[in-house]
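Following: one structure in structure tokens, then a few remarks.
The values are calculated or read from the model by the stated rules, or taken from the named source; none is laboratory data. Nothing here was measured: the structure is a model prediction, and the numbers come from that model. FYI the Cβ positions are ideal-geometry reconstructions off the backbone, even for glycines, and counts take in every protein chain you see. Only protein heavy atoms, including side chains, enter the accessible area calculation; ligands, DNA and RNA are left aside. Shrake-Rupley method; radii C 1.70, N 1.55, O 1.52, S 1.80 Å.
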Amino acid sequence: MFSEKLISTLRGAEHITVFTGAGISAESGVPTFRGDDGLWKKFKPEELANFDAFIRNPKLVWEWYRYRKQVLANVKPNAGHYALADMEQLHKNVVVITQNIDNLHQRAGSTKVYELHGNINRNYCIDCGLSITDEVMSWLGRAPLCPSCHGLIRPDVVWFGELLPVDQWNKSIAVAEAADVFFSVGTSAVVYPAASLPTIAKNAGAYLLEINTERTDLSWHADEILLGKSGDILPRLLQSYQSVVHQ
Ligand code: BV8
């Protein structure tokens, strides 16, 4: 199933970097953004995932995030997440860079995860910056207010037009440039600057592997494309890698 080139490159790799998008969580039951049943088909990102929309209608934006928090409260990591966590046991330099806000890589056991677009489990006050957990937020039919200064609370996610967290971004560029193998898994590779990471890795000499159920804007640049579900492919790739490592 896997090319000799891929397995030998993995075997000789000093650094493995895995870049993930919503597709890796699809088999956990988390809707993607741009697929047929994607979130952006039902909701308009410009109406929900940006700060101006939030200030205009915080209640509407919170209804959307409450819905997504509820979805995520009832899902579990899938075999793809677990395979990446297990890869850390086999290889000392595996880092996951995710665009996802669902915390599923961490729940599967991955310990080196850079979150480019934040995490839906975290919230903060836009006035005083206080970090607030879901448990202490009171809804009362309106957007939650800060218990300390009564400012508006927002989800700790990166909206369109907002800068990515500088430390996560800088670390992600570093591990993209250092990668001997760079996986792009379950992403349409259309949201920037995150989508520039595979090209940064490739231009720095990485073997660029794309795992997706369909071809994307990135496919033309990949060294190898594995078409299929990440929950099927990643465990099998790990198995092939394991069998070589233990020879
Ligand atoms: C920035 C977090 C700059 C919140 C998200 C105008 C003004 C400012 C910026 C811009 C602008 N116009 C364009 C931009 C840049 C903009 C951008 O890139 N827009 C795109 C849409 C054109 N980017 C930004 O705004 C970024 N910030 O540029 O700031 C700046 C400079 C100066 C000063 C100020 C600012 C911020 C972008 C972050 C937006 N936040 N989400 C939330 O989630 O609620 S975006 C959203 O898209 C998610 O983060 C998501 O991760 C990301 C990418 O989507 P994917 O993960 O790839 O998901 P998608 O559904 O698209 O694809 C899934 C894939 O999986 C598919 O290919 C499918 O085939 C595959 N798949 C499905 N099932 C499986 C599978 N593969 C394998 N196995 C399966 N089972």
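What the table below lists for this structure:
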quantity	calculated
Gyration tensor (Cα) of the chain, equivalent ellipsoid semi-axes in angstrom	34, 17, 17
Cα Rg over Rh - segment 39-160, Kirkwood	1.02
Highest to lowest packing among 193-199, 214-220, 29-35, 82-88, scored as the average C-beta count within 10 Å	82-88, 193-199, 29-35, 214-220
Surrounding net charge for Ala178, when Lys and Arg each add one and Asp and Glu each subtract one, Cβ distance under 11 Å	-2
Segment 147-213 - percent of accessible surface contributed by carbon and sulfur, probe 1.4 Å	57
For the chain: relative contact order, % (alpha-carbon pairs under 8 angstrom, 6 or more apart)	24
Share of alpha-carbon pairs per 10 Å distance bin for segment 68-124, given as whole %	24, 53, 21, 3
Net charge contributed by nearby residues that have their C-beta within less than 13 Å of Asp217 (K/R +1, D/E -1)	0
Within-12-Å neighbourhood charge of Glu63 [Cβ basis; K, R +1; D, E -1]	+4
Hits among lysines - C-alpha to C-alpha of Lys42 under 28 Å, sequence gap 8 or more where chains match	Lys59, Lys69, Lys76, Lys229
5 Å binning of all Cα-Cα separations within segment 1-73, expressed as whole percents from 0 upward	3, 13, 16, 17, 14, 10, 8, 7, 8, 4, 1
Computed helical MRE - 222 nm, the chain, DSSP H runs ≥ 4 contributing -39500 (n - 2.57), nearest 500	-10500 deg cm²/dmol
Acute angle (nearest 10 degrees) that the helix 230-245 long axis makes with the longest principal axis of the chain, alpha-carbon atoms	40
Accessible area of the chain divided out per residue, in Å², using a probe of 1.4 angstrom	47
As computed over segment 95-209, the Cα convex hull volume per residue (Å³)	126
